[in-house]
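The structure appears below as structure tokens.
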Amino acid sequence: MSFRRYILASRSPRRLELLQQIVHPVLIEVRPPAVSEEAGFGDCTDMVAIKRRLQEIARQKAEQVRAALNAEEAELHELPRTLLISADTTVVVTDRDGNPVVLGNPPENDDWREVVADWFRHFYAGRTHSALTAVYVTTPDGRFAEQLVETRVTIRGDIERWLNWYLLTGEPRGKAGGYALQGAGSVFIERVEGSLSNVVGLPLEALLELFADVRLK
């Protein structure tokens, strides 16, 4: 079964750009969830719990859009062959005791520069962290497939000579973990182990596998 419409349940322009690399733009419709509030990670004390919560968030995004779509199309005699796609990405670092710490987006107020600078100095410089993305795809009739993808990213140790310049670019705002691998933030990257598109917000390799998995169900 091939799909003729792909609905992206996301507000992220980066995810849309990535999806357009494997799906013709004409077939894509962007429909973010009506409710943007998501569960946090404050009660997640280990990586297992963090990954589970990330998958829950991705599922909730898609299911919210799926419910609205089914309500709209309830009277149609023939439903379009639709696939809903959702994802959620976060960055996980470790503190001095080796405990995982989730870094979301920088604050939206004027403190964001100080927060991001602190992240780079205490969690990133000379260290390796994880970029995690939960991807969930579902059809209007409830068939679904999901994956959680982890990429390991190592940041170079000598960050200070570029850190103030990077903060002045404004790029960290709205970025999970406060940097963009695909942008000016690449100057800090020493090594990437795993999917590059995963760090941007949508692991294309996993997404293609999920497309195939749902077609077979």
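No lab work stands behind these numbers, since they all come straight from the coordinates. Quantities reported herein were computed from a predicted structural model and do not represent experimental measurements. Methodologically, a virtual Cβ is constructed for each residue, glycine included, from the backbone with ideal geometry; neighbour enumeration extends over all protein chains shown.
Against the longest alpha carbon principal axis of the chain, how many degrees, from 0 to 90 and to the nearest 10, is the axis of helix 160-169 turned? Once rounded, one gets 40 degrees.
Summing +1 for each Lys or Arg and -1 for each Asp or Glu among the other residues whose beta-carbon sits under 14 angstrom from that of TRP112 gives -3.
If the segment from SER186 to ARG31 were pulled out straight at 0.36 nm per residue, it would be longer than the present Cα-Cα gap by 52.8 nm. By definition, a body whose alpha carbon gyration tensor gives a ≥ b ≥ c is prolate when a/c is 1.5 or more and a/b is larger than b/c, and segment 1-113 fits this prolate description. As a rough guide to protection, the peptides 24-30, 118-124, 191-197 ranked by mean Cβ packing within 10 Å, highest first, stand as 118-124, 191-197, 24-30.
Under the simplified labelling scheme, the TRP162-ASP118 pair shows an inter-label distance of 2.4 nm, with each label point 7 Å from Cα along Cα→Cβ. Which residue fluctuates most in the GNM of the chain (Cα springs below 10 Å): GLU56, GLU160, GLU108? Evaluated over the chain, the most mobile residue of the options is GLU108.
Ranked by the mean number of other Cβ atoms within 10 Å of their residues, highest first, the peptides 83-91, 137-145, 171-179 fall in the order 83-91, 171-179, 137-145.
The label-point distance for THR169 and THR128, in a model that sets each label 7 Å from Cα toward Cβ, rounds to 2.4 nm. Spin-label model, LEU208 to ASN109: label points 7 Å out along the Cα-to-beta-carbon direction sit 4.5 nm apart. Using alpha carbons only, the radius of gyration of segment 5-216 set against its Kirkwood radius gives Rg/Rh = 1.00.
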